[in-house]
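Enquirer: So that we are looking at the same thing, I have put the structure below in structure tokens.
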Amino acid sequence: MKRKITSFFKAPFCTLYFCCTVLTFPAGAQRDSFPFKHIENITTENGLLSNHAYSVIQDRKEFLWFLTFNGLQRYDGYTFKSYPYQISDSNSIVSDWFNGAAILKDDIIWIPSASHGFYAFDIDIEKYTRYHHQPNNSNSLIVDQTSDLAVDRNGRVWIATSGGLNCFDPSTKKFTAYMHRDRDGQTISNNNVKSICLDDSNHLWIITASADVDLFDPITNKIIRHFNIETKAMTEDGLSIARKGRNGNVWIGTFDNGFYGYNIYTGRVLHYTHNLSDPFSLSFDRVYNVFEDHSGNLWIGSNVGNGLNYYDLVSGKFYRTNFSSKLSNSSLFVNSVSEDNSGRIWLTTGGKGIFAIDLRYKKFHLIQHDALNKNSLPSNFATALLQINDTIILLAAEQGVISFNTKTKSTVQFEVIENGMNILRVVPDIWSMYQDTRKTIWFCTNDGLISYDPKTRIHHWYKNIANDSTSLSFNSCSSIIEDDKGRYWCSTDGGGLDAFDPASGKFRAFKVHPSVNSISTNNVQQVNKGPSGALYLQSWGGGFMIFNPDSETFKIYRHNANDSTTISNDMVQGYFHTQYGYLLIPTFGGGLNAFDESTAKFRAFTVKDGLPSNVVGNLVMDDNGKVWLTSDHGISSFTLPENPFDPQCKINFRNYDASDGITSNSMILFSPFKDTQGRIYFPKTDAGFFYFDPQELKDNLHIPPVYITDFKLFNHSLTRGDNTHLLSQAIENTREINLTYKQNVIAFSFAALNYIHPEKNQYAYKLNGFDKDWIYSYASERFINYTNLDPGSYTFEVKGSNNDGVWNPTPALIQIIITPPFWKTIWFRTLMGIGGASLIYGIYRYRLQEVIRVQNIRNKIASDLHDEIGSTLNSISIYSEVVKKKTGQEIPELNLIGESARKVIDAMSDIVWTINPENDSFEKIIFRMRSLTHSLMKARRIEYTFRADENLNELKLPMITRKNFYLIFKEAINNLVKYSEASRASIILSALDHEIELLIRDNGIGFDVNNPARGNGLMNMDRRANEIKASLNVESTPTKGTTIQLLLHKKLQA
């Protein structure tokens, strides 16, 4: 059946989706009216494979894919990953025209090609599969000339070709052909299929080389309706494209009659064409593409004019891009229009690359000079603003002042007439304007001070007069203020501060002088009235000043490089008094200062704290309590902290620059202004004024997904299937990488997939196991390198934000495992531990056996000495006594033999005792020392005390030390008994911190230590003390007794 779409055009209608009301304006009225100002152009200079681009697709991860003449590219907002033709891969894409829509379905990108069939690109494995015509194979593509494709709900791919309609089932790999048959209304109208699309009902709309639009049911595989469109030429080339819209809309483009819209639910039809008398109509009738965005607005592409129209659903107007600088090219050929998840519009063109248009732009409004409008701003060198009533704001610029009506947005020249001339147009510059309590308007200019009474229209022009100290001190008058007592004060850029009496017209200057209470500089930029009546003066090079107008005294605050609590720079730009009592003082190079007048302390906030620049200007607060600050890198807003002097205080600066829509970044010279409606105005020295309502500055709320986009090993990027075999899939899909201990120099790149000003994205990353905390970076630093990592397990995490500071709290993760060398592995260390333990145990067993063997030897020696030599010597002593008794005579030799034998027996007893291992403990030494002392002292009737520290009992001494220690003691006791003639003695054994002390004292006759009659005894004691590295001290005085101290170091005996 055939159904004429034209029959629906004759009835008026109104639906939820379309508005047909069109206002008529004079031709040419659409002047610079394209509503979207921020347009980005991506070309081969940025890395695009070709400036002939055909499709932009966004995958489920939110990466963008660009189809160009030379192949596919993946884009993350910064860099491209390209997939061009590969000589070694017969399936790879061949450079060609790809005029139809590339479709993404289940991570497969389906691509129609003008002469090489069509391609399927698998995103996960990064491989192409090419499907083409194969002669003598009925299960192949009809012809290789494909122009469009669509993927239905069942995953089947429908391909428009010059030889008919093909359907490909990826699950069975089977092709089905649908061809035109004469006199069969259920077949397609023509085999030359140019464009196809699927609507919301999964029906296929088919454009062929005929005047009909075919509606095909993929379930019954039959045409269910033919629509006839009466184009102007009624040729077979009359229809160009079919595209699915929103909410049941289908859009049909023509080559000569604009485009049509059809709603499958209501049956309603729209038709849009060019109207010469309507500047807001479609600007061309040749339509190659129609795209409906998320708001129901339309984007229409063509190859005539400049190639793009935008249709606003609410106003019913078409907007052209003739006056948009980046799209004003008459040869622009728009191939496709698409929209990403954040609402950004993408245009592909034939020869001009890819354009991206931001819909969520910041609403900044401009007031600029217009050479064709005499009532416009006289120049774009804008300087000052002043609101004189609820609706009128005076805007000052070089060569004049205009009156701006905030309701009507109209402007007229503001005049102060003198001798028939508007003097505001002849003064060099107007630095500031002020309205006093009498409604008098004051113009502070570079050529004096002008007052103007709007009621009487009387004005006065005050200038510096040579040799007249009562005139204005300097012609460059920067500001004026009326204080609480009605006194006037003027700041000048060269003459200091002036007190002014309007009644007499006389001035009194406060200039720099050598005496006390001098102003710091004559270059005063601004004077403001403080809440307590004091005047705040900002100077150029003289710091910040507070002036008491009653006492006429100055307090001056200058920068001191050695004191961080002083003002950070002496070039002061402005002043703002906060509700918390402190001041904010911007400086030219030192950032923003908070100032506590009660303590005279400053704290500076700089670029390190988030400011866009350290060169900052004036401030103004909006109705929401946010403060706006100018700088030479744009403007900033922030919320006032209660206590900026708290070391933990941080200010979150929200920065705006030219990329957000402000006219330019340099904003430092003149003060911003807030009108009674809450709008903020900023003067610019090169672009007039711009203003905005803070409520309209809507942020980008899209939360960007974050991915690791590159992994480098020794500065070489790893890819799936390379010769390292470390990646089995793309890096963004990889969760773990295993490296050897030699592969310990790695790097990561990452991206937050926000395409609206991605240069403003921010990042936070850390390598767990290496970094202690998150490290923050800007988009220009979205990579990190780690060198000489120790073996171990690490986890790299990265988070990101969009351009407006909206963070994705879920980080991208990847685990890096660096395996240690075999000698550092657990199993090796375990084996080494077992081996070491076995070795230590073997050594221990060996030493134990040696100790036992030595002890056995010592026991045997002690036993042999005692049993053999001891008994023999004892016998000698006994025999000598027997001989003496038998002879009855004193024989000296026998006495000597007996005495020698007893000495040897005594010495032998000491040796046997020393050798015996049972006597190694100090307790045994003490016992033997007690026994010896008792026997000797008792024999000589000497009173004595013997005290020994119990802490010594468990101490063990080596055999040599024990022997020498005891023999020194024995020698000392023997000498005491034999020679001291003492009646009392004391022996003390003490355990000190690091030493054992033996102290022997007597009250005997003593001796002269400087001239002792030294025998072998004292020398033996010295020798034995040195042998055990002990300290021996002997103190004695004739008639006053003797003290012997032996200090034995514990550590040396360990």
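Enquirer: Pick out, in residue order, every one of the trypsin sites (Lys or Arg not before Pro) in the range 754-795 that is DSSP loop and has at most 16 other C-beta atoms within 10 Å; say none if there are none. Walk me through the numbers on the way to the answer.
Expert: On the way: sites: Lys760, Lys766, Lys772, Arg782; in loops: Lys772, Arg782.
Qualifying residues, ordered by number: Lys772.
Enquirer: Follow-up question, since we're still on this one. Quick one: how many lysine pairs in the range 922-1054 have C-alpha atoms under 18 angstrom apart, if they're 8 or more apart or on different chains?
Expert: So the count works out to 16.
Enquirer: Now for a different question. Find how many whole Å separate the alpha carbon centroid of the range 762-777 from the alpha carbon centroid of the range 59-124.
Expert: With the range 59-124 and the range 762-777 each reduced to a Cα centre, they are spaced 35 Å.
Enquirer: Post the alpha-carbon centroid distance, the range 623-669 to the range 693-711, in whole angstrom.
Expert: 19
Enquirer: Would you mind ranking Asp312, Asp550, Asp993 by Cβ crowding within 10 Å, fewest neighbours first? Intermediate results must be reported in sequence, preceding the final value.
Expert: Working: Asp312 16, Asp550 10, Asp993 5.
Starting with the residue having the fewest Cβ neighbours, the order is Asp993, Asp550, Asp312.
Enquirer: Oh, and also: For Thr470, what is the net charge nearby, where nearby means another residue's Cβ is under 9 Å from its Cβ and Lys, Arg count +1, Asp, Glu -1?
Expert: Numbers: positive: Lys506, Arg508; negative: Asp468.
Charge balance near Thr470 sits at +1.
Enquirer: Which trypsin sites (Lys or Arg not before Pro) in the range 639-694 sit in a loop by DSSP (not H, G, I, E or B) and have at most 13 other Cβ atoms within 10 Å of their own Cβ? Don't jump to the answer; show the numbers that get you there.
Expert: Numbers: sites: Lys650, Arg654, Lys674, Arg679, Lys684; in loops: Lys650, Arg679.
In loop regions of the range 639-694 (DSSP not H, G, I, E or B), the sparsely surrounded trypsin sites (Lys or Arg not before Pro) are Lys650.
Enquirer: Related question: Is the shape of the range 97-251 best called rounded, prolate or oblate, per the rule: a/c under 1.5 gives rounded, else a/b larger than b/c gives prolate, else oblate, with a ≥ b ≥ c the square roots of the Cα gyration tensor eigenvalues? Spell out each step's value before the answer.
Expert: Values: a/c = 1.63, a/b = 1.41, b/c = 1.16.
Prolate, since a/c reaches 1.5 and a/b exceeds b/c.
Enquirer: Can you tell me which of 932-943, 187-198 comes out highest on packing, and rank the rest after it, using the mean Cβ neighbours within 10 Å?
Expert: Values: 932-943: 14.2, 187-198: 22.4.
In decreasing order of mean packing, 932-943, 187-198 become 187-198, 932-943.
Enquirer: At 20 °C and a viscosity of 1.002 mPa s, what translational diffusion coefficient does Stokes-Einstein give for the range 562-697, taking Rh as the Kirkwood radius over Cα pairs? Give it in µm²/s as a whole number. List each step's numbers first, then the result.
Expert: Numbers: Rh = 15.0 Å.
D, rounded to a whole number, is 143 µm²/s.
Enquirer: Could you work out how far the C-alpha centroid of the range 941-1015 sits from that of the range 511-549, in angstrom?
Expert: 90
Enquirer: Using the Cα gyration tensor of the range 2-357, with a ≥ b ≥ c the square roots of its eigenvalues, what is the shape: rounded (a/c below 1.5), prolate (a/b larger than b/c) or oblate (neither)?
Expert: Details: a/c = 1.89, a/b = 1.15, b/c = 1.65.
Cα axes put the range 2-357 in the oblate bin.
Enquirer: Another question, then. Could you grab the relative contact order for the range 922-1054? Cα pairs under 8 Å, six or more apart, rounded to a whole percent. Write down the numbers at each step before the final one.
Expert: Working: 219 pairs, mean separation 33.0, N = 133.
For the range 922-1054, the relative contact order is 25 percent.
Enquirer: Determine the relative contact order of the chain: mean sequence separation of Cα pairs under 8 Å and six or more apart, normalised by residue count, in whole percent. Please list the in-between numbers first.
Expert: Values: 2508 pairs, mean separation 56.0, N = 1054.
Relative CO of the chain lands at 5 percent.
Enquirer: For helix 892-915, report the angle its Cα long axis makes with the longest principal axis of the Cα atoms of the chain; keep it between 0 and 90° and round to the nearest 10°.
Expert: Once rounded, the angle reads 20 degrees.
Enquirer: Show log10 I(q)/I(0) for the chain at q = 0.07, 0.10 Å⁻¹, two decimals, from a solvent-free Debye sum over equal Cα scatterers.
Expert: Calculated log10 I(q)/I(0) at the listed q: -0.82, -1.22.
Enquirer: Which of the trypsin sites (Lys or Arg not before Pro) found in the range 242-293 are loop residues per DSSP with 14 or fewer other Cβ atoms within 10 Å of their Cβ? Walk me through the numbers on the way to the answer.
Expert: Values: sites: Arg243, Lys244, Arg246, Arg268, Arg286; in loops: Arg246, Arg268, Arg286.
For trypsin sites (Lys or Arg not before Pro) across the range 242-293 that sit outside H, G, I, E and B with at most 14 neighbouring Cβ atoms in 10 Å, the list reads Arg246.
Enquirer: Just check the range 347-454 against the gyration tensor rule for me: Cα atoms, a ≥ b ≥ c as the square roots of the eigenvalues, rounded for a/c under 1.5, and otherwise prolate or oblate depending on whether a/b exceeds b/c.
Expert: Numbers: a/c = 2.90, a/b = 2.21, b/c = 1.31.
Because a/c hits 1.5 or more and a/b exceeds b/c, the range 347-454 counts as prolate.
Enquirer: Something else about it: Listed here are the pairs Lys608/Lys766; Lys463/Lys529; Lys61/Lys244; Lys799/Lys824; Lys506/Lys684; which of them are more than 27 Å apart at the Cα? Walk me through the numbers on the way to the answer.
Expert: Values: Lys608/Lys766 20 Å; Lys463/Lys529 24 Å; Lys61/Lys244 23 Å; Lys799/Lys824 34 Å; Lys506/Lys684 34 Å.
Listed pairs above 27 Å: Lys799/Lys824; Lys506/Lys684.
Enquirer: Something else: In percent, how large is the relative contact order of the range 706-820, given Cα pairs closer than 8 Å and 6 or more residues apart?
Expert: Answer for the range 706-820 is 31 percent.
Enquirer: Hey, what D do you get for the range 416-558 in µm²/s if you plug the Kirkwood alpha-carbon radius into Stokes-Einstein at 25 °C and 0.890 mPa s? Present the calculation step by step, with values, prior to reporting the outcome.
Expert: Working: Rh = 15.3 Å.
Estimated diffusion coefficient is 160 µm²/s.
Enquirer: Cut-off is 10 Å between beta-carbons; in what order do Val416, Val314, Val56 appear when sorted fewest neighbours first?
Expert: Going from sparsest to densest Cβ surroundings: Val314, Val416, Val56.
Enquirer: All other residues with a Cβ under 10 Å from the Cβ of Gly533 taken together, and with Lys, Arg as +1 and Asp, Glu as -1, what is their net charge?
Expert: Numbers: positive: Lys485, Lys529; negative: Asp483, Asp484, Asp550.
Residues near Gly533 contribute -1 overall.
Enquirer: Tell me the net charge near Pro586. Cut-off is 15 Å between Cβ atoms, Pro586 excluded, with +1 for each Lys or Arg and -1 for each Asp or Glu. Display every interim value, and only then the final one.
Expert: Values: positive: Arg603; negative: Asp570, Asp609, Asp632.
Value of the local net charge: -2.
Every number here is computed from the coordinates shown, using simple stated rules; none is lab data. What you are looking at is a predicted structure, and each value in this text was computed from that prediction instead of being measured. All Cβ positions, even for glycine, are placed from backbone atoms using ideal geometry, and neighbour counts span all protein chains on display.
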